[in-house]
Structures are given as C-alpha cells and as structure tokens.
Amino acid sequence: LHESKFETMQGNDAVNYSWFVDTKNKPFVRKGKVGGWKGQLSEDQEAELEEAVRKVVEAGGSVRCTLD
C-alpha cells in the first residue's frame, strides 16, 4: 500500500521518468487529481486524444495508439 501512494510514486524515479524527462520543469507524476491532464494539453492535442479514444471505444477492442 505504501508503494502505491501518490507521494511515494511521485518520488520514485522508476515511476516518474526522471531519468527520461526534465521533471523539475514538468514532472511526469504531477498532482494526482482527476482531470489533471486538462491545462497540460493544447486544444489541438486534446482533440487528437479525444478522437483516438473515440476510435478505441467504437472498435470495442484493445487498440494502442500514440500521439505524435
């Protein structure tokens, strides 16, 4: 249970990708709140994500997609 706490994950290099991205300016594990992604994406990025999710839901299957 301790390892799954938000604060623990935020401080865990294996989870927060500090080895891969600059977590000082934009941490991977940000706030741990529902809807926290809003304000992180541009309107275009949000629309692209919504479209990708819509396609997955309509397909009724497990579909992997990337946002490039």
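Quick notes
- Pair list, Cβ < 7 Å and 6+ apart or interchain, from segment 1-18 residues that are modelled with pLDDT of 85 or more to residues that are open to solvent by 80 Å² or more (accessible area, probe 1.4 Å) and assigned to a helix (DSSP H, G or I): THR8/HIS2
- Count - residues of segment 30-49 that are open to solvent by 70 Å² or more (accessible area, probe 1.4 Å) and touching an Asp or Glu at 6+ places or on another chain (Cβ under 9 Å): 2
The values are calculated or read from the model by the stated rules, or taken from the named source; none is laboratory data. The structure presented is a predicted model; accordingly, all values stated were derived computationally and were not measured. Using ideal geometry, Cβ is built from the backbone for each residue, glycine included, and neighbour counts are taken over all protein chains shown. The protein model used for the area step is the full one, side chains on, heavy atoms only, and it has no ligands, DNA or RNA in it. Shrake-Rupley method; radii C 1.70, N 1.55, O 1.52, S 1.80 Å.
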